[in-house]
Each structure stands twice: as structure tokens, then as C-alpha cells.
Amino acid sequence: MNRRANCLVRFLILSSLVHVTGTAQQIQWRKVYDAPTGPNISMGNIVVHPDGGIFAAVFGVGVVRSTDGGSHWHVLQDLRAPLRVRHLTITNSGDLFAAPDSAHVMTLLIHDTTWTWEECALSGDTLRISTIGSDSRGYLYVGSMKGIHRSTDHGATWTRQSTRYASDFLGTATGDVFVASSEFAGYGVALSTDGGVSWTTVDSGFAANNRSVMTLAIDTRGILYAGGYPGVMRSANYGGGWTAMNRGLPGSFQCVYTLTAGKDGSLFAGSLQGVSQWKDTMWFPVNSGLQWLEISSLASSDSGYLYAATFNNQIYKTTTPVITDAAREGGSYPSGFELAQNYPNPFNPSTTIKYELPSSAEVRLSVYDVLGREVSVLVNERKGAGVHEVRFDGSGLASGIYLYRLQAGSYVQTRKLVLVR
């Protein structure tokens, strides 16, 4: 099945509320890459490396890389199989893994400034590779027509963990992994909390005819988004329930191929009708400068620029940064103190707690059991204004209900969290 046909399964869910009212930003695009012409050339996905490098998988060309924000590109060729790459992922350690459409995975490893290829063979029955991803543990995941394959040793060995079809993987900061599925061997969204060993379907709220999901995203508040056909879905409780948010999606077909979530909570969707940005309660088109509107992949850089790949093998870049720093959205600090609900909740064994400070303050963030005994001190120091988050690991605690309490100056708030083993 080609990617354009996959519009029936590529369903984007973009909706974290952006703290701006009215229409979308005035975004202008410029073209930064044209793939060579040829009958078998097709664009895969774009990824951004922590060092600022931009990588794109171009089937029929290989992996192309830019180190200057898209002004110049060169091909990173592997002489054994230079052309058939469709899927890319970057691990937390900065290694780039490239998957072709055949039954093996190749990895690009950084050695100073030189990139070299290494081949990591999968079992021979994997057939077409559909996607590749990684999690915060450094585990690798490959989806194929035969199911989900996992490597815990940087690609040296692989095991098939599920027969579920995978169209996209999403690793969270807490080590959990979500998978989107769009084929007969598994529709909807599933979650693994044990590093890919087992998977639980988490698509309550999806209609029977719109569980064909092909892309996933998570914003800085832990809100999940899943996209494909038809429309947009959003989960504020870690996949426990989903709601549709389709207002303003372009075209009657409402099929979205790709999404990216910015550090500032901004959300962008790519479809056959171009790029859309979510603002408050609806989508707005942001297509000025795009010569081709059929978008196959979106990615954002730490410097705030947005990149878009098209089905006619071009890459575009916004002319100015469109994503601001998360702690100073729009150049301002949070307007008040806030202690957010932890995510995930329930959790096992770790979860993330986020809080906001409008000004510098002495902060104490602690966890208590139901008897009021303090079991963990997460923060006990002066913190600057902005958005902060901390990870709580409950590995040494028994299952049950706990409370976490934020004291920042005279502000005090307490919330409940649940540890389930």
C-alpha cells in the first residue's frame, strides 16, 4: 500500500490548546530541497538531530542530510543498499537508525564528524517495513506486515513481540510506548508500559469506522494526539478516552498524514490540503509559499523552525521560527501558580509532574502516603519563573493512592496520584 493510498489510515490528532486567540500565525514557507527526478523516487519522513542536523529519507536516493538549516544537502550513502530507505528515527543517545522497505534495518552511528553504516538484520519473514521508532530506554521498534519487532541492544538482535501492525511509534518521557495501527492485524492505538513486551488497546472513544490510525504525538502537558482517517482525536488521560476535534480541517475527506507538537504547545497537521495549525477551538491553514500542498511529513527544530516534506519530493522550511520556548510562551511567563495532574495516572513505576511559576520562588514538591507520611521529596530549592517538570519513580513503594503537594511561597496545592503494579 503506498502512502497516498494510506490516507484512509493516516489520521492525525492535533489539539493541545494553544494560548493564542484568533487566526493562526502568519507563516511563510520557502523550498529548501528538491529530490532528483526519477520514476521510483519518493519522500519518506524528516527527523531533526539534537545537533541541529536535518535528515530526510528519500526512497531511490538514500538518506539526505543538511547541517545548515536546509541551505545545502548531501547524501549519506551506504554502498550495500544506498537507495531503499523510507523510515528514520533518532534515539536519545543521538544515533540515527534508517529502515529500508526490505527485511533489515541499517543504523548510522556518529564517530566524531563521520557517519558510517552498520546493518542490523531482522528475521527474514518481516516483509515490508512500515515504520521505525525508539523509546526513552533506547529500545528500538520496527513495524512490518508480520508485527512489531523490538531490539534492546541497539539493533544487534531483534525479537517479534506482537503480531499487531504498526504505522507509527511514540515513546514518552516516562519510558512507555504507544503504537498506532491501521491494518487488519490491528487498528487503533495500543500502549506498552513494559518496554514493548505486551500491548494493551487504548482507543476508547474511537468510532468503529475511524480506528485506522497512522500517526501519534504528545505535547508538553502529556496530552496525546492520534491521526489518520477520518479526522482528529485527542486524549487528555493517557489514552484512557479520546474525543474528536475536527473543526476547520480542510477538505471533505479530512485525512491527515503527519503532525508535530511544539515545545510551546503549538500543533501542526499535514494533509493533502497542506499544513494546518490548531488554535483554541479549530484548525487554520498555513500554506503561504507552498508550491505543493500534499504533505507527507512534518518536523520541528529546537530553534523553532518547521520543516515539511511533500509527496512530490520537496522539503520546505518556515522563513522564521514559529515555535517559542515552552517556559516563555509568547515571550511571557505563566500568569499564575499551577500544579498539573501527573501523567500517566495511574502509573507504574514512574510518572511526570509539571508545575508553573509566575515568578521565582522557594519550591518544595513532596509525595505523601494516605496517612500523611512524606515518602519522597522531589524538589526543595529556589526555582525561576516558568514551566518545570520532575519525574517521580515509585519503584520502592507499594501499590495505592498517594498525594503530591506543591508549596511555592504562599501558594499550596495538593493532587492525587495512583501507583498500580
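Readers should treat all values here as calculations from the given coordinates under stated rules, not as data from a laboratory. Please read all numbers here as calculations on a predicted model, not as lab measurements. Cβ sites come from the backbone with ideal geometry, for glycine too, and all protein chains shown count toward neighbours.
Some observations on this one:
- Normalised by residue count, the range 271-421 yields a Cα convex hull volume of 158 Å³ per residue.
- Packing, taken as the mean count of other beta carbons within 10 Å per residue, orders the peptides 238-247, 66-75, 129-138 from highest to lowest as 129-138, 238-247, 66-75.
- Sequence-distant aspartates and glutamates (8 or more away, or on other chains) whose Cα lies within less than 19 Å of LYS383: ASP325, GLU329, GLU338, GLU356, GLU362
- Packing order of peptides 267-273, 88-94, highest average first: 267-273, 88-94 (average count of other Cβ atoms within 10 Å over each peptide's residues).
- Measuring r between the beta carbons of HIS74 and ARG391 and using R0 = 41 Å, the FRET efficiency lands at 0.60.
- Separation between Cα centres of the range 127-170 and the range 355-417, rounded to whole Å: 36 Å
- Pairs of alpha carbons in the range 154-196 whose separation is greater than 13 Å (percent): 57 percent
- Spin-label model, MET282/GLU119: points 7 Å from Cα along the beta carbon direction are separated by 5.4 nm.
- Protection proxy ranking of 362-373, 343-354, by the mean of other Cβ atoms within 10 Å over each peptide's residues and highest first, is 343-354, 362-373.
- Over the range 333-419, volume per residue of the alpha carbon convex hull, in Å³: 78 Å³
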